[in-house]
Amino acid sequence: MTAELTDHEVAGQSETVQETPAWLTALRSALDPNSKRRLEALDPKPDWHSLEIGAGSGSTARWLAERCPQGKVVATDIELGSLSAEGFPNLEVRRHDVTTEDFPEASFDLIYARYVFSHLRSREEDLARIVSWLKPGGWLLLEEPAQFPVESAQDDDYREVSLATLEQYKEQVGTDLTWPRTFPAPLVNLGLEEIGIDGDISVVGAGRPMSLFWGEAIKGWGPIVVGAGTATEEQVERAAAKMYQDDFYDLGLATMAVWGRRPA
């Protein structure tokens, strides 16, 4: 459906802001530096109107609000959780489902999403709609997790349990961490211009930020993986424990980034 900006539910200051979970804090600390580097390279102007889809705890949205003081940033998520606009008059927080709810055409100079579209079964259709929300000349930047480094992991328990976990994500949620390896094709196919692609690979072990995130994922999905018969309970326990061991090192998920501009 299509709705005017003012018709979406807006988070007021009366809503309870939840404490950010430790795993989300760890993921944010692992990803934020490269996200801000890529956004900075797009040279946001002070009066830009920007949209962050799946804003999480809002660290990137707040950075954009500071970078574009005469503009506006709309930060959305399906659950607001720890997302708050407090202290940022040009930041608006909204509960919004990108798979079912629209914004008016040509609303934004920049649309940004991190770790969102690889989880959506309708990602191709959703991306086509989202491009229409860009102003002519507006930028779309996506950052998505990719599993290809984990496929080459040297530790058997870590590799097998991680891939089994990702397979359950795909079956039950729709998450496809092979899709980001197709970049930049999704944006090329949508007719965007000035296409760019970038990537970085995390390292797990020794309690690094991505280790804390992935260790919690392994533990959380462990019973489902064991129930599916793709790993044993002992394998899951060993793989999760290695994320916190000082003497363990292996490759974690990659982050693949792609950006492009709507023709002026």
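Collect the residues in region 91-117 that are closer than 20 Å to GLY81 by Cβ and either crowded, with 22+ Cβ neighbours inside 10 Å or under 13 Å from the mean Cα position of the chain (by Cα) (or both), keeping them in residue-number order. Full working, then the answer.
Within region 91-117, the first condition is being closer than 20 Å to GLY81 by Cβ, and the residues that meet it are 91-101, 112-117.
Across region 91-117, the qualifying residues are LEU91, VAL93, HIS96, VAL98, TYR112, ALA113, ARG114, TYR115, VAL116, PHE117.
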* **Unique residue being out of contact with any strand residue (DSSP E or B) (no Cβ under 9 Å at 6 or more places or on another chain), at pLDDT below 90 and not β-branched (Val, Ile, Thr) when the list is ALA11, ALA22** => ALA22
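For region 121-152, give me each residue that is part of a loop (DSSP other than H, G, I, E, B) and more than 21 Å from GLY191 (Cα to Cα). Before the answer, list the steps.
Within region 121-152, the first condition is being part of a loop (DSSP other than H, G, I, E, B), and the residues that meet it are 121-122, 133, 147, 152.
Answer for region 121-152, where residues must be part of a loop (DSSP other than H, G, I, E, B) and more than 21 Å from GLY191 (Cα to Cα): ARG121, GLN147, SER152.
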* Just need a number here: residues in region 223-242 that are free of Cβ contacts under 8 Å to residues at least 40 places away in the same chain and either farther than 13 Å from TYR158 by Cβ or in a loop (DSSP other than H, G, I, E, B) (or both). => 7
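Report those strands (runs of 3 or more DSSP E) wholly inside region 48-115 carrying at least 3 residues which are within 14 Å of LEU141 (Cβ to Cβ).
On the way: elements: 49-53, 72-77, 91-95, 108-114.
Hits in region 48-115: 49-53, 108-114.
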* Go through (1) among the basic types (Lys, Arg); (2) farther than 17 Å from ASP156 by Cβ; (3) buried (at least 16 other Cβ atoms within 10 Å of the Cβ) one by one and return the number of the condition ARG181 breaks. => (3)
* Asked: When residues of region 135-185 are filtered for being under 19 Å from the mean Cα position of the chain (by Cα) and aliphatic (A, V, I, L, M), how many remain?
  -> 9
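Results for (1) among the polar types (S, T, N, Q); (2) surrounded by fewer than 22 Cβ atoms within 10 Å (Cβ to Cβ); (3) over 30 Å from PRO44 (Cα atoms), shown as yes or no for each residue.
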| residue | (1), (2), (3) |
| --- | --- |
| HIS119 | no, yes, no |
| ALA128 | no, yes, no |
| TRP133 | no, yes, no |
| PRO136 | no, yes, no |
| LEU140 | no, no, no |
| LYS170 | no, yes, yes |
| PRO209 | no, yes, no |
| LEU212 | no, yes, yes |
* Asked: Would a scan of region 159-174 turn up a residue that is in contact (Cβ under 8 Å) with a residue 12 or more places away in the chain, small (Gly, Ala, Ser), out of contact with any helix residue (DSSP H, G or I) (no Cβ under 7 Å at 6 or more places or on another chain) and closer than 30 Å to LYS36 by Cβ?
  -> no
* Asked: Does LEU253 satisfy the criteria of being surrounded by 20 or more Cβ atoms within 10 Å (Cβ to Cβ), out of contact with any helix residue (DSSP H, G or I) (no Cβ under 6 Å at 6 or more places or on another chain) and assigned to a helix (DSSP H, G or I)?
  -> no
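Could you tell me which of the residues SER162, SER152 is surrounded by 16 or more Cβ atoms within 10 Å (Cβ to Cβ), at pLDDT 95 or above, of a type outside the set (Lys, Arg) and under 14 Å from LEU253 (Cβ atoms)?
SER162
Does GLU233 satisfy the condition of being more than 26 Å from GLU124 (Cβ to Cβ) and in contact with a helix residue (DSSP H, G or I) (Cβ under 6 Å, 6 or more places away or on another chain)?
Details: more than 26 Å from GLU124 (Cβ to Cβ): yes; in contact with a helix residue (DSSP H, G or I) (Cβ under 6 Å, 6 or more places away or on another chain): yes.
Criteria met by GLU233.
The values are calculated or read from the model by the stated rules, or taken from the named source; none is laboratory data. Values in this document were obtained by computation on a predicted structure and should not be read as measured data. Glycine gets a Cβ as well: all are built from the backbone with ideal geometry, and neighbour counts include every protein chain shown.
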